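Have a look at the structure below before the remarks.
The values are calculated or read from the model by the stated rules, or taken from the named source; none is laboratory data. Here the structure is a predicted model, which means the values were calculated and not measured. Because the Cβ atoms are built from the backbone with ideal geometry, glycine has one as well, and the counts that use them run over all protein chains shown.
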């Protein structure tokens, strides 16, 4: 009688590639020597990437570990919580609350525009004094274990959207730090503050940065943004921010 163990390797790869990654690693791999061998095959994880839409032929020369590539693609998510103000200020730490303090408004807002993403409906807005808010992300809590961060150094991509009112100038600033277990800064992205003059087009702009080849030992990410208006008007005429994101993805270049 033919059993599943008698199936050709390519058929077994095809069958096992239908299973969730967790089952493959924590159950199937323990069944027998043959299944362990098949679960560890590059072809199995490449097939899973094809099934889930993570594969393109251009990646063949740049992906060194298809299992890690699949796991990172499959678990990719925005590590910033409440990025679009849908939960008021939940998950955010208010570091500076100058002028008339931070506030939340609905898009497009007075003398403003909608963002390019129609799913975004709200934004945070600053006042005439410095307004800064932050989040601290602990990578292990989010499922990114130490060995992965130290050995594979997956890319860490930061994005933020900001805009001014048409009728008031403002200032925007961003700081992102990769931190060790003891909160020592291992790498930092801190561009020059952006100053937008009065009577601008009030369009939303994206700022983006990808950390690559950073030092081993990254355990936390600290994200802070904000600013203020430049004309010191009472109310909420300062920079507007929304749709912030931090994502971790596979490194596809040497």
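Residue by residue, here is whether (1) closer than 29 Å to residue 18 by Cβ; (2) not in a helix (DSSP H, G or I) holds:
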| residue | (1), (2) |
| --- | --- |
| 46 | yes, no |
| 53 | yes, yes |
| 64 | yes, yes |
| 68 | yes, no |
| 86 | no, yes |
| 90 | no, yes |
| 94 | no, yes |
| 100 | no, yes |
| 110 | no, yes |
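Residue count for the range 32-41, restricted to those that are surrounded by fewer than 14 Cβ atoms within 10 Å (Cβ to Cβ) and within 32 Å of the chain's Cα centre (by Cα): 1. Listed by first and then second residue, the pairs with beta-carbon distance under 7 Å, at least 6 apart or on different chains, first residue in the range 180-194 and more than 16 Å from residue 140 (Cβ to Cβ), second at pLDDT below 95 and surrounded by 12 or more Cβ atoms within 10 Å (Cβ to Cβ), form an empty list. Taken over the range 114-147, residues that are outside any strand (DSSP E or B) and buried (at least 17 other Cβ atoms within 10 Å of the Cβ) amount to 8.
Taking into account only those residues within the range 148-171 that are surrounded by fewer than 16 Cβ atoms within 10 Å (Cβ to Cβ) and in a loop (DSSP other than H, G, I, E, B), which is nearest to the chain's Cα centre (by Cα)? Per the stated criteria, the residue is 166.
In a residue-by-residue description of the range 29-37, the property of being at pLDDT below 85 and in a helix (DSSP H, G or I) applies to no position.
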